[in-house]
Structure formats: C-alpha cells, structure tokens
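Take a look at the structure below.
Derivation of every value follows stated rules applied to the coordinates shown; laboratory data play no part. Quantities reported herein were computed from a predicted structural model and do not represent experimental measurements. Methodologically, a virtual Cβ is constructed for each residue, glycine included, from the backbone with ideal geometry; neighbour enumeration extends over all protein chains shown.
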Amino acid sequence: MRHQRTKTCGECRLNHVGELVVLNGWVQAVRDHGGLLFLDLRDRYGFTQVVADPAQHSVLSEVGPECVIAVVGKVRARPAEARNTNRSTGDIEIEAIEIELLNTTKVPPFEVDDECRTREELRLEHRYVDMRRRPVLAAMELRSRLNYLMRQSMTEQGFMEVETPILMKTSPEGARDFLVPSRVHPGKAYGLPQSPQLFKQTLMACGIDKYFQICKCFRDEDLRADRQLEFTQLDMEMSFVRQEDVFAVMERLMTTVWRELARGEVAAPFPRMTWDEAMTRFGSDKPETRFGMELFDFADRARGSGFRVFAQAMELPQGTVRGMVVKGGAALSRKQIDEAEAVAKSYGAGGMAWVKLTAEGPQGSIAKFLAADDLAALTAAGAAQGDLVVFTAGRFEPALNALGQVRLHFGRVQNLVDSKLAHFVWITDFPMFEWNEDEKRFEAKHHMFTAPSEPLPPLGGDLSHLKASLYDLVLNGNEIGSGSIRIHQPEVQAQVFAHVGLTPEQAQDKFGWFLRVLEYGAPPHGGIALGVDRIAMILAGAASLREVIAFPKNASGICPLTQSPSAPDTKQWDELQLRPVSGG
RNA sequence: GGGGACGUGGCGCAAUUGGUUAGCGCGUCGGCUUGUCACGCCGAAGGUUGCGGGUUCGAGUCCCGUCGUCCUCGCCA
C-alpha cells in the first residue's frame, strides 16, 4: 500500500474543501458516464463519492464493486444541484488525482446493500462480505456498545472483573457438557463451562465480594433461533446480600443500557411477580406482560362437571382447569380455533375446549355442558357476548403452559403487542425442585447451589412445593437473566446433593472440592447471569441470535464459514488415545 | 429423535391441470454515455431445476428415498 488514508470515508465535509486527502476503502458502486466516472467508496464510517476522468486513470477498467482501493484526491464542493442530502458526505466529493488498486475481488456472492436479498446460509458462509452491509455492522456496533456499558456500569458499582477457566471439571446435572479430552491424562477430559457457577461462588469465599465477568458459556444441546452452542453471559456474584441487592445492581445496569441503546427510559425498580402468580395469570414463567388476556381459574366449576375431560383433570394430582377470554373471538372461524388448539397440543395439552358466547347463546365443543352457574363464572372472568373462551385441563404446569402458549398465539395474530414497549419484570420464588418422570427423582430447577427459602424436608420427603431464593429477569416474554441466593453452608449443600439422588461418594467425587470451599468460611452470597446475546437481539429488534453474533453456528451446530466441526486426523486421535467408534 | 416449510443461472423470484426451446429482475461481460448517486441506453454470456431412483409418450411440476437450510416439539440445571 503506497497511499495510506488521511481521512475515513465518513469524514469529509464542506469545511475540508480544497484539502488534499487520501481515502482507503471498498468500492460500493461505479457509475460510468464515459467522460466522467463516479465511484462510491465505503468503509465502516461511511460513503464518499469520488469523481474521476476514466481517461486519466487506466486502473479504473479493473475496478468493480468490492475492490479495495486508495484514492488520492482533492475535496471539492459538489454543484448545488448535485448534492445528496441522504448522505452525511453528500455535499462534497473527491476529485481523484491518483487511484491505487489495493486488492481485486471475485464477483461477490451477493450485493452489498442494506436490503437483505439473499438467504442467510449464503450470508454466513460469506460473512466477510455480509458484514460490510450497514445493518450487520450496526448490530456489531450495538453489541460493542452494550459490552462497554455493562463493563462500565459494573465497574462503577464496585465490581471486579475476574476471568475464570474455560477448561474445567465436567459436571453431571444440567445441560450436556462439551468435553475436551486431555492428552496428558488419557481417558480424562475437561468440560467447557455451562457457566462459571462454582468458580464465582469460590471467588466469594476468596473475599472478592463483588465479581463480574463477560464470559462465554457452552451447552451441548440442540439449537434454536434464540439458542447457540456457545453464548455470552454477563455473570455476577456478590457477598453478604439478599436478592433485593442483586435486583438493584441489575436495575441500575439495565436502565443505563436502555437509556443509551434503546433511547427509552425504563423505570426502576422493576415489577416483581412470584412464579405462582406468573404461571396462574400468564401461563408462563417468562410472562409477556405487554398485553392482558390473563388466564382464570375454572377448577371449582370443573369439579364434577358433566364434561368428563374437566372432571377427570380434577382427579389428577395437581390437576386443574384454566380458561382464558379471547375478546371478539366469537367471530373466529373453526380453522382459526383449530390453529389455536394445535398450539395447545404442541405444548402437551390433550386438547383445547372452547365456547363462543353468541347472541344465540353459547356455541362450541363444550357449550352443552355449561350450566347457568358456569356461564356466570365466565362472565365474572370478563367474558361477554361476542367473545371466545378457551380452556385447558390437566396437571398444573402443562395445562397452564399450554394455555399460556395459546395466549401468546392470540396475542400475535390479533396484534396485541406494542413492540415499542419494554416490560421488565422479576420472577421470584421459583420451585426449587422439579420431578423428573424419566429418572423418577427430583432434580434442581435452576441448579444445585440455589438456597432453599425454607428448611429442607427429610430425605425422601415431598419436594414439589419447596420454594427457592431463585429469580429470573424477564423482558417482554424473554428470559434474559437468571440467578439465585446460593447455599453457603456445607451441610445444606450436602443435603441438596442427597435430595437430587447423589450418593455421598458421588458428591465427594464431583463436588468435594467445592464442599471444602464452603467448609472454610464461605460468606452468604448470591448473584445472577444475564444473556448478553439475547439482550443484544432484543435491542437490535432481530429475530435470531445469529444477527448479533459475528460468526454464529447454524441450526445444526455447523459454522457456515469454517465448516467446523471437522474430523481430527489420525495423529490427533492417537495423541489423545481416542478413536471414533464408527468410521465417521 | 419427532413435526412443518423451503431448495430453479452468481443473487432474488416465475413457470396454468404433467405438455413447445425453463422466463423475469438484479448482478457479470462487451459497447455507448460529462453530474450520477438503485445512473441511463444497446448487446451478450450464463441452467444436470440439490442429489438418486420411479411413474409417464412426456417430469421443474406426481411418487419414493436422500442431502442441505430454516422454524419448531423433545432437550436447554
């Protein structure tokens, strides 16, 4: 490169007129008028128009879109009628004196413009072309700002950033670990962190008091639009605190972030809602609170109902029947109602009962079973003529969850959500354990290090109603953070290990080192981890995490750019004393 | 592992009920063009319709299989 830039492509204005400048960048477009040629030069900072006489610059015959060039030239004002008010540099242009071709390009796989006119597969395969597009660049810049604001807020609030290991001990519960085989210790493997959980708790025992880290976490599970194999967390932990202290730190952080990046004020403190309330009102532990259509309890009416599905549901342990009023829903077609039922079924409901309240009386699958008292109960729940009422029946969580999903479905199709709103809400008092039907045992709902909010029952006792000091931060129906007050007493920790079915030997083998941490004066502590990718996605208004990750994996976990994962060669396997079982 | 959608020149799309030589826009290449900024005008090249098999006189279109991408259920402490 002979000519190094003295200005970026977004820099020159009328006050630079007359200056001799050098620009470096990519050719966005060439407009050849024969005796006069215009060329838009682009870099991260903007576009600048270059004017040249093709006869004086033979190199121009080789220059096309996405070539990399240097332009030496003089800034001049454009003729008044030729100014471009759509661009910040539109009042000036560069009169080319010399053009240096820094690199040519193959014909790009797609055009570099703001509109996305190609499939994502191709964009990600050629991310180095795709990211030259302004919207992609803007998402990357947004993320950079987000990282900066998070670091700044946490540092200002007295938190210390500490890095924890990526190669660590694998752990049994929770998501599947990524394993990294050890060469030096054949047959053994490190696990990549699903989160730095135990290290950050250990840092509390270390006396760090306030820790944070923006860190990568890894979970070997199937991907989704909002889930990647590796993702970024803002991880934090603090000592001698109650959950309100954690909330206050996060509220200061999020209000700052929203003020700076969403150009909208968010009021703190955020509303709080217990898990029971979220489930019963919204049918979700991550309620979308930007519209109403709340669920109501129909259990009392369902008991002994002539409609057998309702009556039988009430016989189940934790059995319930819940309803929801869809305003104006009596006008919906059978097909639209069937679609809603399909949603309920896809989330495990046996079906979705419904009744239309029409001028001719109740109509629909369960109309004939509804007595006057039942109809009065629907009216009390807010239903009126012209509405549709839908129901699910079954065990508490599946029945409510299915109806909650139907609620989201109607919210979408009826356009009930104002997408400009940002509703933060803390969900508190989660159940501590969850019954795993496959393994016939209780397992931790969050993780095994969460403190119970009440004393643990004796071993073998019913754990289903036990609540934990466990909380999620929810934004517009998205879980964006999850945390808890932790166990800091080794005896309590040992009890929890026992309750989830770990023998003392297993507990020692997997977590003995951590029990010793607690035995040497660990302080009471708690914390939270925020999903940075999801927050960036919401701020960017993107539909997929991939839009805010520079080099994301596709839905099957393949990196479209590098084609990882790839097959190690024989020598690599040999060094690890490993070999694939099948040919591969 | 299950369900759904999609796959046609480099890119985005079209092609009636199975029927002529698979068409259009963008891009690419060549020519013309001194005020464009999605420049314009003229011309050209570019296709194993993802892959394999089948039905048929005839398949982009129908059937079976397979691969890939996306969405999703399970899964994700």
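With the cut-off at under 16 Å, measuring from each backbone N in segment A:7-24 to a point 7 Å along the Cα-to-Cβ line of A:LEU137 picks out A:7-12, A:23-24. Partner lysines whose Cα lies under 19 Å from the Cα of A:LYS553, excluding those fewer than 8 positions away in the same chain, are identified as A:LYS216.
Starting from 0.36 nm per residue, how many nanometres of slack lie between A:CYS116 and A:PHE38 once their C-alpha separation is accounted for? Numbers along the way, then the final one.
Details: separation 78, 0.36 × 78 = 28.08 nm, distance 2.46 nm.
Fully extending the segment from A:CYS116 to A:PHE38 adds 25.6 nm.
Toward the positive end of the charge dipole of chain A, with +1 on the Cβ of Lys and Arg and -1 on the Cβ of Asp and Glu, the farthest Cα among A:GLN312, A:PHE110, A:GLY404 is that of A:PHE110. For segment A:163-193 versus segment A:75-91, the inter-centroid distance based on Cα atoms is 58 Å.
Would you kindly state how much longer the chain becomes between A:ARG145 and A:ALA543 on full extension, computed as 0.36 nm times their sequence separation minus their alpha carbon distance, in nm to one decimal? Walk me through the numbers on the way to the answer.
Values: separation 398, 0.36 × 398 = 143.28 nm, distance 1.98 nm.
Taking 0.36 nm per residue and subtracting the Cα distance, the gain is 141.3 nm.
Working note: Karplus 6.51/-1.76/1.60 with θ = phi - 60° gives segment A:554-566 the couplings 7, 5, 9, x, 9, 7, x, 6, 9, 6, 6, x, 10 Hz, where Gly and Pro are set to x. To the nearest ten degrees, helix A:243-261 and the longest principal axis of the Cα atoms of chain A are 30 degrees apart.
A straight chain from A:GLU161 to A:LYS216 at 0.36 nm per residue would run longer than the Cα-Cα distance by 18.4 nm. Placing dummy labels 7 Å off each Cα toward the beta-carbon, the span from A:ASN84 to A:ASN478 is 3.3 nm.
With +1 on the Cβ of every Lys and Arg and -1 on the Cβ of every Asp and Glu, and nothing else charged, how large is the dipole of segment A:416-531 about its Cα centre, in debye rounded to the nearest 20? Working shown, then result.
Working: 8 positive and 15 negative charges, 61 e Å.
I would put it at about 300 debye.
Here the 3J(HN,Hα) profile of segment A:199-204, calculated from phi with Karplus coefficients 6.51, -1.76 and 1.60 at θ = phi - 60°, is 5, 6, 5, 5, 4, 5 Hz, Gly and Pro shown as x. Here the ratio of the Cα radius of gyration of segment A:479-582 to 2.2 N^0.38 Å is 1.65.
Let's see if you can work this out: charge +1 on each Lys and Arg Cβ, -1 on each Asp and Glu Cβ, no other charges. What is the dipole magnitude of segment A:14-103 about its Cα centre, in debye to the nearest 20? Let's see the in-between values first.
On the way: 8 positive and 13 negative charges, 60 e Å.
My answer is approximately 280 debye.
For segment A:257-303, the list of trypsin sites (Lys or Arg not before Pro) that fall in a loop by DSSP and count at most 10 other C-beta atoms within 10 angstrom reads A:ARG263.
Any of A:LYS188/A:LYS286; A:LYS335/A:LYS420; A:LYS188/A:LYS467; A:LYS420/A:LYS467; A:LYS169/A:LYS440; A:LYS7/A:LYS420 with alpha carbons more than 28 Å apart? Name them for me.
Values: A:LYS188/A:LYS286 39 Å; A:LYS335/A:LYS420 31 Å; A:LYS188/A:LYS467 37 Å; A:LYS420/A:LYS467 34 Å; A:LYS169/A:LYS440 26 Å; A:LYS7/A:LYS420 38 Å.
Pairs exceeding the cut-off: A:LYS188/A:LYS286; A:LYS335/A:LYS420; A:LYS188/A:LYS467; A:LYS420/A:LYS467; A:LYS7/A:LYS420.
The residue among A:PHE430, A:PHE212, A:MET324 whose Cα reaches farthest toward the positive pole of the charge dipole of chain A, with charges on the beta-carbon of Lys, Arg, Asp and Glu, is A:MET324. Computing Rg and the Kirkwood Rh from the Cα coordinates of chain A gives a ratio, Rg/Rh, of 1.06.
Between A:ARG183 and A:ASN415, the simple spin-label model (points 7 angstrom out along Cα→Cβ) gives 6.1 nm.
Summarising the amide proton neighbourhood of A:ILE92: residues at separation of 5 or more, or on other chains, whose placed amide H is nearer than 5 Å comprise A:ARG78.
Whole-Hz Karplus values for segment A:485-502 come out as 7, 9, 6, 10, 9, x, 5, 5, 4, 5, 4, 5, 4, 5, 5, 8, x, 7 Hz, taken residue by residue from phi with 6.51 cos²θ - 1.76 cosθ + 1.60 and θ = phi - 60°; glycine and proline positions read x. Ranking A:ALA393, A:ALA444, A:ALA52 by Cα position along the charge dipole of chain A, where only Lys, Arg, Asp and Glu carry charges on their C-beta atoms, puts A:ALA52 farthest toward the positive end.
Which of rounded, prolate or oblate describes segment A:134-206 when judged by the alpha-carbon gyration tensor and an a/c cut-off of 1.5?
Values: a/c = 2.92, a/b = 1.55, b/c = 1.89.
Because a/c hits 1.5 or more and a/b fails to exceed b/c, segment A:134-206 counts as oblate.
Relative to the Cα centre, the charge distribution of chain A, modelled as +1 at Lys and Arg Cβ and -1 at Asp and Glu Cβ, gives a dipole magnitude of about 620 debye. When you filter the trypsin sites (Lys or Arg not before Pro) in segment A:1-105 for DSSP loop state and at most 10 other Cβ atoms inside 10 Å of their Cβ, you are left with A:ARG2.
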